Amino acid sequence: MNILKIQKLDHRAHAPEKAHPGDLGYDLFALDAVNLPAGEMRRLRTGVAVEFPEGWGGVIKDRSSMASKRIVTSGGVIDHGYRGEILVLVSNLSGEEFAIAEGQKIAQLVPCHVTNWQVEVAEELNGTSRGANGFGSTGAHKVRA
């Protein structure tokens, strides 16, 4: 069994945790109470550092309950070898100040496998049915048969 080691850097910190056994991400908690003005971004402290099992890292993602209020995360790639405090970049895209309480769930830490692929530069790539089509190229609605 893999183990995610946690170091509390502050006695008030909460270790990341899952609300349910089948959840993908581990909830991260705000160390301090913060008032986040509309349109601003802040680095929020969690008070914890992590040590991933060999071959793992993590990505910090939004909590759906916060994103529905237009409070979203940015950045957030946690490399395997990083041992500093987990900081969460949070932006307030709403039109109002948003209060974050000490100990409030603010984001999720989603574990990811580390890859060490060799990068090869090629003159061209193999073709696919999709090709270079992106941004809405698959349509916005299900077509009825």
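Just so it is clear, none of the values below were taken in a lab; they were calculated from the coordinates. Keep in mind it's a predicted model, so treat the numbers as computed, not measured. Glycine also receives a Cβ, built like all others from the backbone with ideal geometry; neighbour counts cover every protein chain displayed.
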- Residue, surrounded by the most Cβ atoms within 10 Å (Cβ to Cβ), within the stretch 12-66, restricted to residues that are part of a strand (DSSP E or B) and either basic (Lys, Arg) or in contact with a helix residue (DSSP H, G or I) (Cβ under 9 Å, 6 or more places away or on another chain) (or both): Arg45
- Within the set of pairs 6+ apart or on separate chains, which have a first residue in the stretch 56-72 that is over 17 Å from Glu97 (Cβ atoms), a second that is loosely packed, with under 14 Cβ neighbours inside 10 Å and charged (D, E, K, R), and C-beta atoms under 8 Å apart? Gly57/Asp79
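If only one of Leu125, Leu89 is out of contact with any helix residue (DSSP H, G or I) (no Cβ under 8 Å at 6 or more places or on another chain) and surrounded by 14 or more Cβ atoms within 10 Å (Cβ to Cβ), which one is it?
Values: Leu125 fails: surrounded by 14 or more Cβ atoms within 10 Å (Cβ to Cβ).
After ruling out the rest, the residue left standing is Leu89.
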